[in-house]
Every structure is written in C-alpha cells, then in structure tokens.
Amino acid sequence: MTGKADRPARRWRLRRDAVNPSARAGSRRALRRSRRGLRAVAPYALVAAVVAVSSVAVWALLGSALLGVRTISVRGERTVTTEQIARAAAIPVGTPLARLDTAAAAGRIGALPAVASVQVQRAWPNTVVVTIAERQAVAVAGRGRNFVLLDPGGFPFRTVTSRPAGLPLIRVSDPKAGDPSTRAALTVASALTPDLRELTSIVVAASSQRVEVRLTDGRMVFWGTSADSPRKAKIATALLEESGKRIDVSAPDVVTVR
C-alpha cells in the first residue's frame, strides 16, 4: 500500500490564464498611469534644469568675478601712459565684463586733453582693450614762460617748458579751438614749405585778416588772410633770394618786395 510520503511532490506552475483577468487589467492601467505621469513630469524637470543652468550662466556673466575685469590693454599710446589711461577709465578690478559701460569708460578717457579719439572693447574673459589716437601737434604757442602744443583744430592739449624743435611758433591773443586768429595762424603754419619753415621764427596773427610770418634773419612775409596759403607759401619761397626786407604775398597775383 502506498502512503502519502511516497507520493511525488506537486510542482506548481503559474499559468497566465490562471491570473484574474481584472487584476491584469488593473496592472496595465496602473502602468499606463505611471508612464503618463512620467511624461507629464519630464517637461517640468527639463524646464527646471534649463532655468538652473541659465541662472548660473547669468550669475557668472553679471554677478561673478569669474568673468570680471583683470587687465586693461592699451593700444596707440605714445605720450599718454597706460597708467593715465587706467586711472581715467576708472574701471574697478573684478567688474563683470557684461556689465561694463564701455561708452562711459570711453567718455572718461576721451576727456584726457591729449586723446583725440578712443574706443573701449571687451576681450573675454577678463580684459578691456582701449585703443586711442593721440592729438598731433602742428604748432606751439607761448603761454607765460611755457609753451602749449596745438592740434590742427587749435586745441591746446599739452604744456611743455621748452619749445619743441620742428614746430612753428604762433602768436595770437588767445590760442584755442574755434578762435579765428588761431585758425588762421595754424592754416598758414601748416602750409609753409620746408625751406620757408626752416627760416620761420614765428607766425603772428593780429587777427584772422592780418597774418605775417617773421623770419629768423629779420625779414617779414606779410600774408594777409589765410586764404590760398599753399600758393602764397610757394611764391614767398621763390622770393627768398630777393634783397627786400618785406615780402607781401597777401595778393598772390600782385606780390611786392621792398
């Protein structure tokens, strides 16, 4: 007689058709809801990530010294020093480049008398590039015991203690930009030929209508107005061999020497 202990152990096997159909349907619905939830959350998570990255980028650009000013590079300077430019620019170290007001910095630098024009640019990540053009002296004028350098427009931009070689000296009552006498004297001085310039002691403008060039040998060239100065300069140069003390080229078609 065979006992229960001799019976083989029953092996259970789960059959799909043995699972409650309603339970399977519930599981599928739950899975679909979970997937929909993930899809719904994903855009918000992406937006949050973008906002976080953008916030860090904005902070780095506008609020951090990581992209702040560390160096000022100056180009085009000859007589103005880099230190003078840096002081005039007044840009604190660490100022975020993105917040730098380049126009305001250029305005401060442009206020230096010797600076004719200036451009201020950002050079990432930490440099400000300043490019300047300095004023060019075409003549000097006396100012007390000193001399002031004048640019072609008559702007007095630098005072020196001795007269620079190679620049004509002009004498006007008030040398400044916009002054008719200053402008007339500079026009004449700029038109002098090399031979005439070498002999010129001073260009005197009592007014814009009465300009004269005094030479180192005591002779005088009466210029009149500054009109037609290049032609007058050539005529005066040609008459330097004459023996007269006064050369009048005020009317270049009818010149006189006496």
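The values are calculated or read from the model by the stated rules, or taken from the named source; none is laboratory data. Remember, predicted model here, so these are calculated numbers, not experimental data. Here the Cβ is made from the backbone with ideal geometry for all residues, glycine too, and neighbour counts use every protein chain on show. Accessible surface is based on the protein model in full, side chains and every heavy atom, while ligands, DNA and RNA are left aside. Shrake-Rupley method; radii C 1.70, N 1.55, O 1.52, S 1.80 Å.
For the range 177-246, the equivalent ellipsoid built from the Cα gyration tensor has semi-axes of 20, 12, 10 Å, listed from largest to smallest. Give me P(r) over the range 99-258, computed from all C-alpha to C-alpha distances, binned every 5 Å, as integer percentages. Spelled out bin by bin, the range 99-258 gives 2, 9, 16, 18, 15, 11, 8, 6, 5, 4, 3, 2, 1, 0, 0 percent.
The simple Förster model, with R0 at 30 Å and r as the Cβ-Cβ distance, assigns D101 and T159 a FRET efficiency of 0.45. Rounded to the nearest 10 square angstrom, S201 shows an accessible area of 40 square angstrom against a 1.4 Å probe. Averaged over residues, the count of other Cβ atoms within 10 Å places the peptides 123-130, 134-141 in the sequence 134-141, 123-130, highest first. Partners of K232 within straight-line reach, counting aspartates and glutamates whose Cα lies under 20 Å from its Cα and excluding those fewer than 8 residues away in the same chain: D195, E198, E212, D217, E241, E242, D248, D253.
Using R0 = 41 Å, the C-beta based FRET efficiency linking A206 and Q84 works out to 0.65. Dividing the mean sequence gap of close Cα pairs (under 8 Å, 6+ apart) by how many residues the range 60-184 holds gives a relative contact order of 20 percent. A cut-off of 5 Å between modelled amide H atoms, ignoring neighbours fewer than 5 places along the same chain, links R171 with V203, V204, A205. Per the Cα gyration tensor, the range 100-179 maps to an equivalent ellipsoid with semi-axes of 32, 12, 10 Å, ordered largest to smallest. I'd like the distance separating the alpha-carbon centroids of the range 126-176 and the range 216-258, in whole Å. A separation of 27 Å, based on Cα centres.
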